[in-house]
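One structure below.
The values are calculated or read from the model by the stated rules, or taken from the named source; none is laboratory data. Everything numeric in this text was worked out from a predicted model, so none of it was measured. Here the Cβ positions follow ideal geometry from the backbone for every residue, glycine too, while neighbour counts run over all protein chains shown. Side chains are part of the model used for accessible areas, which takes the heavy atoms of the whole protein and leaves out ligands, DNA and RNA. Shrake-Rupley method; radii C 1.70, N 1.55, O 1.52, S 1.80 Å.
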Amino acid sequence: MPLALVCQIAFAAYSRGEDAAPTSSVTATAATPATKPAAKPPGIRNVIIMIGDGMGPQQVGMLTQYARYAPGSQVPHRKAAIERLLAEGTVAIVNNQPHGALVVDSAAAATQLATGELAGSEMIGANYRGERVENIVEAAHRVGKSAGLVTDTRITHATPAGFAAHQANRESENEIALDYLDNKVDVLMGGGIRNWVPEAINDRNSPTYAALMQMTGGAYPATSRRRDNRNLLLEARGDYKLVFDRNALEKVTDGKVIGIFADSELNDALEDAATAANPQRTEPTHVEMVGKAIELLDKNPKGFFLMVEGGQIDWAGHNNDAGVLLHELLDFDAAVRLVYEWAKDRDDTLVIVTADHETGSFGFSYAGRPLPESTKLAGDLFAGVPFEPAFNYAPPELLDQIFAQKKSYFTMMAEFDALPPKEKTAERLMQIVNDSSAFKITLDDAVNVLARERNKNYVAGHPYMNTETVPKIDDFEPFYVYGENLRMNLLGRALADQQHVTWGAGTHSSTPVILGAFGPDHAAKRFGGMLHSTDVGKRMIELITAETPAKSMTSR
């Protein structure tokens with residue numbers, strides 16, 4: 001068969017979200033009997049996928065560089081758990097583009113990982129034709145397994161939604177919450193109570209709000225984004241145990257659980273680090289949620305599927321916030337370490353660590369200033385010759401300085417916005433930033449962060465681009481789309497040269513992501529090579545729904 005025809009067949013199949021037909025089946029004739037269908041691969045009891053949202057290869061590099069080379073590295077044994085899993089498991093490079101586009105959003109990315117089918121941008125649980133398709137939570141339930149979703153963002157946010165809901169658009173978070181109940185997801189943990197509770201609670205003096213505070217124990221103030229007075233928590237109470245703080249979560253030992261620990265997203269990793277030792281903290285950490293989810297799901301003798309999202313890695317990338325990015329990566333890696341330690345001696349569990357896409361076009365880069373001082377080396381090649389690189393290639397000490405950031409750019413700007421109008425000056429912004437970062441901005445930098453211009457992306461009624469003016473971005477302006485959040489991007493740009501960091505956008509890039517699969521060889525080896533996210537989804541569903549092999553087949 002001509003190579004061009006083979007390529008056409010393969011491309012046509014790929015665009016439909018299918019595997020290309022193997023050449024041997026295309027060329028089989030009556031005189032050449034077709035080979036027998038391959039036996040179905042053996043299955044596996046448990047599948048855990050851990051998604052660092054926005055965690056491209058560059059972000060994995062930042063994590064592993066900090067672990068190994070930062071003088072003050074906080075990582076046990078100076079080795080990231082992700083690095084260990086990649087070293088001991090199977091590694092793949094994964095393309096993630098959706099149907100009809102080069103760059104994917106989190107909804108389509110999660111849908112492709114959860115269903116094995118190509119999706120269109122921003123859709124949840126549907127193929128690119130807009131048809132509802134089975135996701136891996138539903139597939140696990142079909143064979144009697146349990147399923148859970150854990151995130152540090154809203155539980156109804158795009159990534160978890162792609163695994164257990166069906167909606168035309170990711171913005172339908174109220175409806176996504178209903179889908180979770182309809183799909184009977186066994187364990188749900190994260191933030192976002194605002195999509196579960198009635199509109200009437202927005203009146204803080206109402207009996208409805210008082211009743212909600214009684215239900216939650218007043219763990220945190222709540223709002224509602226619903227446009228009705230349905231209380232989905234009350235509707236769920238017959239089937240689920242409801243928990244709203246870490247103490248209640250610790251006490252749960254069995255059954256289906258909905259744990260919602262914040263009005264919107266959970267604390268960022270810097271806030272987590274600041275409150276970790278506080279016995280009064282009410283929010284569970286990522287590690288605490290993941291550990292409890294595994295404990296509960298593992299009670300099903302048939303096994304389980306679990307999706308864990310490190311969602312705020314993505315948010316740090318959107319904000320071009322290198323300090324928070326590092327801390328979010330470390331927070332996610334701690335959860336990976338927990339799962340790795342739980343699974344490493346088992347022969348019935350596949351752990352996949354990957355990302356849905358890369359965010360921010362992040363990277364470290366070398367610079368023309370300040371040039372490093374020349375030094376003397378003992379090696380014979382440098383006898384009488386100084387070691388004098390032509391550029392500054394970024395010293396490892398920068399990693400400690402990035403780690404030392406005390407507050408996120410989001411928190412810094414929130415503090416600035418809370419000031420009385422007369423105090424919202426460039427001088428005060430400079431003070432807020434410089435009190436919280438090892439890197440300092442100048443007064444001119446602060447003035448630039450507060451400068452505004454006409455919104456060239458203005459669209460009336462658009463959820464993000466509906467303001468007539470926005471903070472002034474000087475380059476790559478079309479790729480910065482999130483309104484007032486652009487001030488954080490400008491802070492990232494102002495500090496970037498000191499950090500040796502480059503940012504290319506405030507949105508996602510098309511960079512392929514890394515995948516590591518760790519578990520029994522027959523399962524893990526199916527995830528090597530160059531894949532598309534739909535390949536990952538198909539193979540996970542095949543493994544979770546196939547008959548589990550005998551013990552002798554699952555040893556590594």
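Which residue, of T534, T548, is among the polar types (S, T, N, Q), within 28 Å of A81 (Cβ to Cβ), within 24 Å of the chain's Cα centre (by Cα) and not in a strand (DSSP E or B)?
The conditions single out T534.
Can you give me the number of residues within the range 239-255 that are within 24 Å of the chain's Cα centre (by Cα) and assigned to a loop (DSSP other than H, G, I, E, B)?
2
Got at least one residue in the range 165-188 being small (G, A, S), in contact with a strand residue (DSSP E or B) (Cβ under 6 Å, 6 or more places away or on another chain) and either open to solvent by less than 10 Å² (accessible area, probe 1.4 Å) or closer than 17 Å to R237 by Cβ (or both)?
yes
Just name the residue that is farthest from L178 (Cα to Cα) out of those in the range 210-252 that are among the basic types (K, R) and surrounded by fewer than 18 Cβ atoms within 10 Å (Cβ to Cβ).
Out of the qualifying residues, it is K251.
Looking at the range 406-418, can you tell me whether even one residue there is loosely packed, with under 13 Cβ neighbours inside 10 Å and assigned to a helix (DSSP H, G or I)?
yes
Can you tell me which residue among A394, A390, A378 is open to solvent by 20 Å² or more (accessible area, probe 1.4 Å), assigned to a loop (DSSP other than H, G, I, E, B), in contact (Cβ under 8 Å) with a residue 60 or more places away in the chain and among the hydrophobic types (A, V, I, L, M, F, W, C)?
A394
Pairs under 8 Å by beta carbon, first residue open to solvent by 50 Å² or more (accessible area, probe 1.4 Å) in the range 422-440, partner part of a loop (DSSP other than H, G, I, E, B), six or more apart or different chains?
Pairs that qualify, where the first residue is open to solvent by 50 Å² or more (accessible area, probe 1.4 Å) and the partner is part of a loop (DSSP other than H, G, I, E, B), are R428/L419; M430/I441; M430/T442; D435/K406.
Across the range 474-488, what is the total count of residues that are open to solvent by less than 30 Å² (accessible area, probe 1.4 Å) and free of Cβ contacts under 8 Å to residues at least 24 places away in the same chain?
Result for the range 474-488: 2.
For the range 176-198, give me each residue that is among the aliphatic types (A, V, I, L, M), assigned to a helix (DSSP H, G or I) and over 18 Å from T111 (Cα atoms).
Within the range 176-198, L181, I193 qualify.
Within the range 229-238, is even one residue in a loop (DSSP other than H, G, I, E, B), in contact with a Pro (Cβ under 7 Å, 6 or more places away or on another chain) and at pLDDT below 95?
Yes.
Looking only at residues that are open to solvent by less than 10 Å² (accessible area, probe 1.4 Å), in a loop (DSSP other than H, G, I, E, B) and of a type in the set (D, E) in the range 312-365, which one is nearest to Q498 (Cα to Cα)?
Out of the qualifying residues, it is D321.
Of a type in the set (S, T, Y), touching a helix residue (DSSP H, G or I) at 6+ places or on another chain (Cβ under 8 Å) and farther than 30 Å from R142 by Cα: does that describe T216?
Criteria met by T216.
Conditions: (1) touching a strand residue (DSSP E or B) at 6+ places or on another chain (Cβ under 6 Å); (2) surrounded by fewer than 24 Cβ atoms within 10 Å (Cβ to Cβ); (3) among the basic types (K, R). R142 meets all but one. Number of the miss?
(1)
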